[in-house]
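Take a look at the structure below.
The values are calculated or read from the model by the stated rules, or taken from the named source; none is laboratory data. Bear in mind that the values here come from a model prediction, so they are computed numbers and not experimental data. Here the Cβ positions follow ideal geometry from the backbone for every residue, glycine too, while neighbour counts run over all protein chains shown.
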Amino acid sequence: MTSLADLPHDAARRFAALVGIAGAFDHATPVRFLDVGGYPGTLARLLQERFPAWSGLTVDTVPEQRPGYQCADGARLPFDAASFDIVFSSDALEHIAPEHRDAFLAECRRVARRAVVLGAPFRHEATAGIEHALDDVHRLATGRPHPWLGEHVTNGLPDLAATCGVLGGDWSVALFASAPLTDWTLWQWLSLAREVRGELDPAWSRLEAARAQRLGSDAAPDWQSAEQTHAWPYRWIVVAQHPDHRVFAPSSEMPPACAADAGAEALAWSDLLRGCVEGLVASGAQASGLAVALDEQARRALELAENEIAALRAARPASGIARLFGRGGGR
């Protein structure tokens, strides 16, 4: 069985949330599902392993032949209306050019009989600012755009209200938050620092071990309803449901841009860790595996990040690091 702990951190978190939401549907009876934009088929494999009565197909634009996969454009799906019980899409919408997003969403809705479950990062000042910073430093370190954030930056993130409007109509929409923005930010900067250094230090190894332990059981919930959310997450999951097949109560209203300071703590962490990683790049660190000693400031920052992640997992209040930068806010 596929273990979430074996996947990259961000992929593990988004798939854990989607599998958790899928578990709310009737999974003891046969369900035919489609995953749009899910090459090479990891989500489909996770769903079929956990819900043996389910069968699915993955479509994407990669021209490849493999079992359970079909090359197709998500904006022009080659299927009849209501061909699938549930249509999934995980972090694909933001990679689509803005002028084709409505067609992509309309096609997902057209071929779904019961529900569409779509997860993606959506437009927010903090999310966009952090993604731009990560892409900038990745370009500085490697000379190339970030492998997946580069397209986010080029296309711009989709609008949450507009997405709900296309998927909704006479269907109800339930919203769920996944991946707190502060937690996501810390992991992405630490991942980039690891790439620049070209080696694993003890702090990173402990973080990896803790992550594997947390995800090893595949039981940790990683999503909550919009009504329970008080800060903007990295990812929203939109569940559009046919009136005759409603599983989740519709969200009462669109989430607020979550207060002006919703992303302030994440931005503060991003500023701090950006400086550390840029210092590594400037010092001549190579991804070839040559060890480069961190200066004391960078080492303290990484230790603070490790402590912050531990505090987030324990649901304790965040440390005062945000106040160092004059930004308030919390999770």
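Here is how the numbers come out for the structure above:
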| item | result |
| --- | --- |
| Test: Phe15 is within 24 Å of the chain's Cα centre (by Cα), surrounded by 19 or more Cβ atoms within 10 Å (Cβ to Cβ) and in a strand (DSSP E or B) | no |
| Selection count, the stretch 67-106, where residues are among the charged types (D, E, K, R), under 17 Å from Tyr39 (Cβ atoms) and not in a loop (DSSP other than H, G, I, E, B) | 1 |
| Count - residues of the stretch 58-87 that are hydrophobic (A, V, I, L, M, F, W, C), within 22 Å of Ser178 (Cβ to Cβ) and touching a Cys at 6+ places or on another chain (Cβ under 9 Å) | 1 |
| Residue count, the stretch 64-114 (criterion: modelled with pLDDT under 95 and among the basic types (Lys, Arg)) | 1 |
| Close pairs (6 angstrom Cβ cut-off, 6 or more residues apart or separate chains): without any contact (Cβ under 8 Å) to a residue 60 or more places away in the chain and surrounded by 14 or more Cβ atoms within 10 Å (Cβ to Cβ) in the stretch 51-73, in a strand (DSSP E or B) and among the acidic types (Asp, Glu) anywhere | Thr58/Asp35 |
| Residue satisfying all of: in the stretch 242-261; small (Gly, Ala, Ser) and loosely packed, with under 13 Cβ neighbours inside 10 Å; modelled with the lowest pLDDT among these | Ala260 |
| Any hit, the stretch 115-128, residues being of a type outside the set (Phe, Trp, Tyr), modelled with pLDDT of 95 or more and over 30 Å from Glu265 (Cβ atoms) | yes |
| Tally, over the stretch 128-167, of residues that are touching a Phe, Trp or Tyr at 6+ places or on another chain (Cβ under 9 Å) and outside any helix (DSSP H, G or I) | 3 |
| Of residues in the stretch 168-181 being surrounded by fewer than 24 Cβ atoms within 10 Å (Cβ to Cβ) and not in a strand (DSSP E or B), the one farthest from the chain's Cα centre (by Cα) | Asp170 |
| In the stretch 86-106, residue nearest to the chain's Cα centre (by Cα) [restricted to those that are over 24 Å from Thr127 (Cβ atoms) and crowded, with 21+ Cβ neighbours inside 10 Å] | Val87 |
| Odd one out for Ala161 among (1) touching a residue at least 60 places away in the same chain (Cβ under 8 Å); (2) surrounded by fewer than 18 Cβ atoms within 10 Å (Cβ to Cβ); (3) touching a helix residue (DSSP H, G or I) at 6+ places or on another chain (Cβ under 7 Å) | (3) |
| Selection status of Arg114, among the basic types (Lys, Arg), buried (at least 20 other Cβ atoms within 10 Å of the Cβ), touching a strand residue (DSSP E or B) at 6+ places or on another chain (Cβ under 8 Å) and outside any helix (DSSP H, G or I) | yes |
| Pair list, Cβ under 6 Å, 6 or more apart: the stretch 182-202 residue crowded, with 17+ Cβ neighbours inside 10 Å and modelled with pLDDT of 85 or more, other residue assigned to a helix (DSSP H, G or I) and among the hydroxyl-bearing types (Ser, Thr, Tyr) | Thr185/Ser270 |
